[in-house]
Amino acid sequence: MTDLPVLVLAGSRDGDRDPLARHGGVAHKALLPVAGRPMLARVLDSLRATPGLGTIHVSTEAPDDLREVAGNVVFLPAAPGPSASVAQAIAACGTPLLVTTADHPLLRPVWIAEFLAESGACDLAVAVATRAVIERDVPGTKRTYIRLRDMRFSGCNLFLFATPASREVVRLWQRLERERKRPWRMAAILGPTILLRAVTGTLTGTALCRHIERLTGARVRLVPMRDGKAAVDVDKPADLALVERILSET
């Protein structure tokens, strides 16, 4: 895959009032200094160092705040939520489209290359790291895990929207995002059987992907990453301290 367009989600509803922006004394969360360098710059450095990637797009509500750090990128307006921002980017850029986030300063070209190589034949690939791998590589970290029968995993903020069919998954994502404060409506969208299996721990990764395919017609693939650090992003000051410690050790 060559000249693959990239989207970096860098939206923030709170601007300089965002807790991390205030913690770092900057105008936007994406500018938070991580070991002396804005975390958006670290993400862009890794993307630019990865062979095969094309134009980088940055989705944000504050392009003027990020322009100096971002350099030669195409800015896209951020929508009210990440799913809508991805939908807008796919409408503008088409597929395939690689998506990551501005709060992933540990992102490495080798992880991107691994993810793309392992994505295989699917409409949407999602990078994940299993709990065992994360605890091996980042002992003591606290992550949010999705519990399935055959694995517990955390997301790695890397997505490949490989074909036009992936748009249907984005539409499902948007519906769930709109109902995130009404669990009963989310249950109605997903179906009671799949939720019961999730709650009882009998849902497997394969069954989850097949269910999404039944709902959307899109083939989804979970891509386990070999390095547990791929699941570490910066959502709070404790994450920042962890990331800076990891960077100091490499």
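Some observations on this one:
- Computed in the context of the full set of protein chains, the accessible area of the range 28-141 at 1.4 Å probe radius has 54% of its extent on carbon or sulfur.
- For Lys229, the aspartates and glutamates whose Cα comes closer than 18 Å to its Cα, not counting residues fewer than 8 places off in the same chain, are Asp45, Asp103, Glu114, Glu118, Glu135, Asp137, Asp239, Glu244, Glu249.
- Spatial offset of the range 128-168 relative to the range 1-52 amounts to 20 Å, using the alpha carbon center of each.
- Taking all protein chains into account, the per residue accessible area for the range 1-137 stands at 41 Å² (1.4 Å probe).
- Shape call, the range 41-153: gyration tensor on alpha carbons, a/c limit 1.5: prolate
- Quotient of C-alpha Rg and 2.2 N^0.38 Å, computed over the range 126-170: 1.40
- Inter-label distance for Asp150 and Ala207, nm, one decimal - labels placed 7 Å from Cα along Cα-to-Cβ: 1.1
- Cα gyration tensor shape of the range 97-250, rounded if a/c is under 1.5, else prolate or oblate by comparing a/b with b/c: prolate
- Structural descriptor for the chain: relative contact order 23 percent, calculated from alpha carbon pairs under 8 angstrom and at least 6 residues apart.
- Gyration tensor verdict on the range 1-65 (Cα atoms; rounded if a/c is under 1.5, prolate if a/b is larger than b/c, oblate otherwise): oblate
- Using a Förster distance of 30 Å, the FRET efficiency for Ala113-Thr193 (Cβ separation, nearest 0.05): 0.20
The values are calculated or read from the model by the stated rules, or taken from the named source; none is laboratory data. All of these numbers come straight from a predicted model, not from anything done at the bench. Ideal geometry is used to build each Cβ from the backbone, glycine not excepted, and the neighbour counts take in all protein chains shown. Surface areas here come from the heavy atoms of the whole protein model, side chains and all, with no ligands, DNA or RNA. Shrake-Rupley method; radii C 1.70, N 1.55, O 1.52, S 1.80 Å.
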